[in-house]
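One structure is given below, encoded as structure tokens.
Quick note: the coordinates plus some simple rules give every number you see, no bench work behind them. The shown structure was predicted, so the numbers you read here are calculated from the model rather than taken from an experiment. Reconstructed Cβ throughout: ideal geometry from the backbone, glycine too, with neighbour counts over all protein chains shown.
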Amino acid sequence: MNVLRIASEDIQAFRWRALDWAVRQQTHTEDFVAFLNNNGIAYPNDPFPDRLFVGAKRVISFSGADAFEEVYRVHQEKPSFLVGYWGYDLKNQVEALSSRNPDRLGFPDVYFVEPRWIIDFEMTNLPDGNVLISGEGDPQELLKELDQYHSPLLKPLPEATRANVSCRVTSDDYQTNVRQIRQHILAGDVYELNYCIEFFAENVQLDPLATYHALNKRSPMPFSSFLKLGDHYVMGASPERFLKKTGRKILSQPIKGTIRRGQTPEEDALLRAQLLNSEKERAENLMIVDLVRNDLARSARTGSVVVDELFGIYGFRQVYQMISTVSATLGDTVSWADAIQHAFPMGSMTGAPKIMAMELIDELEASRRGLYSGAIGFITPEGDFDFSVVIRTLLYNAHSGYASFSVGSAITYDSDPQQEWEECLLKARAIRDVLEQGD
């Protein structure tokens with residue numbers, strides 16, 4: 001493993017140029033890029049690192065039996081960085097479940113690679129910073145190639161690439177399903193369910209990198225991500241962590257509770273207080289915290305599960321979010337893969353009880369979730385990891401021209417169908433504006 005550390009006079013410009021080079025001009029045969037981007041946003045227990053993975057030394061093959069165990073086995077045989085994602089439909093491996101809706105996007109259920117190059121961008125003293133290049137090759141040659149690459153300016157999306165976005169369900173259908181969920185809650189089948197809807201565009205020709213740049217500019221998030229898997233692209237603006245492991249400590253940070261930002265400081269403060277004091281939002285958040293505590297307890301030393309923060313309010317460009325933090329110490333015989341599998345899929349995207357919630361999700365939703373509400377992230381050679389929740393994320397199949405993103409909200413018995421519909425539209429606004437308006 002060769003490592004090169006250099007100083008950059010404009011670290012922000014350098015990382016966008018490096019991403020552009022990786023996506024458009026990479027000279028190796030592999031067609032894989034993963035970019036993690038925290039946008040300089042502070043986050044409890046730290047956000048994603050600013051890191052670019054380029055190329056694939058090896059792509060993990062899956063038999064379809066147990067993806068979590070297969071990734072663990074590959075990592076044990078050769079400890080290394082692995083980067084990729086767990087798709088939501090791995091639920092069918094974790095539990096006796098199925099997925100009835102068609103797969104319109106064609107992403108694999110799970111995808112992990114050992115990257116050829118890892119480029120870290122250290123934001124030490126903006127705008128200056130350090131670039132750390134590591135990989136099995138000559139980092140000086142890679143740096144020379146990057147320095148000689150002149151990336152085109154990332155301009156607003158041309159009108160030809162803009163899309164007409166449709167929703168898979170109507171407002172009336174959505175509200176009917178919310179009322180049906182409330183009846184399931186009344187009957188005791190579930191006590192909370194995360195109901196999601198898909199927005200999509202067909203026969204579109206996107207510039208994925210320019211689209212991601214526009215989305216990131218409009219909605220910067222601490223778990224932003226860009227993935228290129230051949231002709232499949234992920235453009236993410238996630239505010240939520242699924243699960244992180246450092247040493248023997250694991251932690252999860254579920255989000256439940258959203259409100260828009262205000263137009264003035266006074267309105268902003270009022271809305272923040274409204275979210276913090278909302279009995280409905282606190283009840284939703286607490287239900288998922290209890291579910292996460294149970295999920296982590298399956299992997300934890302007895303008595304080690306702790307709620308580090310309950311009902312934390314954090315502000316982002318478009319919204320305020322209610323975020324709680326739950327942590328635990330792994331049991332002595334529990335592997336890192338067990339910890340992920342025991343908590344997957346994340347309770348904030350299912351509801352509770354989890355298995356019944358997932359059965360109802362498949363019955364009521366009109367789209368297969370696929371990668372949406374799965375998890376994107378990386379595993380270190382030491383077996384530490386960090387994974388975000390795949391929300392506020394645009395998925396694009398360049399071969400078919402199909403673009404898709406989904407949004408959802410937690411439905412409880414107290415949910416108002418019209419208000420839940422409006423919350424979904426609020427969450428969809430940033431991606432929809434980028435696709436339809438180009439900014």
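Rounded to whole Å and sorted largest first, what semi-axes of the equivalent ellipsoid does the C-alpha gyration tensor of the range 249-364 yield via the square root of 5 times each eigenvalue?
One finds semi-axes of 30, 17, 11 Å for the range 249-364.
Output the Cα-based Rg and Dmax of the range 310-363 in Å, rounding Rg to one decimal and Dmax to a whole number.
15.0, 43
Going by alpha carbons, how many degrees (0 to 90, nearest 10) lie between the helix axis of 417-437 and the longest principal axis of the chain?
Orientation of helix 417-437: about 20 degrees from the principal axis.
Relative to the first principal axis of the alpha-carbon coordinates of the chain, what is the inclination of helix 265-276, with its axis defined by its Cα atoms, in degrees from 0 to 90 and to the nearest 10?
The angle comes out near 60 degrees.
Would you report the distance distribution of C-alpha pairs in the range 1-113 as whole percents per 5 angstrom bin, up to the bin with the largest distance?
Cα pair-distance distribution for the range 1-113, in percent: 2, 8, 15, 16, 18, 16, 13, 7, 3, 1, 0.
Tilt of helix 67-77 relative to the longest C-alpha principal axis of the chain, in degrees (0 to 90, nearest 10)?
30
Which longest run of the chain has no exposed loop site in it, a site being chymotrypsin sites (Phe, Trp or Tyr not before Pro) in a DSSP loop with at most 15 other beta carbons within 10 Å, and the site itself not part of the run?
The reported range is 150-412.
Scan around LEU243 for amide H atoms under 5 Å from its own, H built in the peptide plane at 1.01 Å from N, and keep only partners 5 or more places away or cross-chain.
Amide H neighbours of LEU243: PHE387.
With a sphere of radius 9 Å drawn around the Cβ of LYS78, what net charge do the other residues whose Cβ falls strictly inside it have (Lys, Arg +1; Asp, Glu -1)?
Charge balance near LYS78 sits at -1.
Nearest 5 percent is fine: what portion of the DSSP beta bridges confined to the chain is antiparallel?
100
Using only the alpha-carbon atoms, what does the range 86-224 span along each of its principal axes? Please give whole angstrom values in decreasing order.
Rounded to whole Å, the extents work out to 64, 40, 32 Å.
Quick check: the distance between the Cα centres of the range 196-225 and the range 265-283, to the nearest angstrom?
Value for the Cα centre distance between the two parts: 28 Å.
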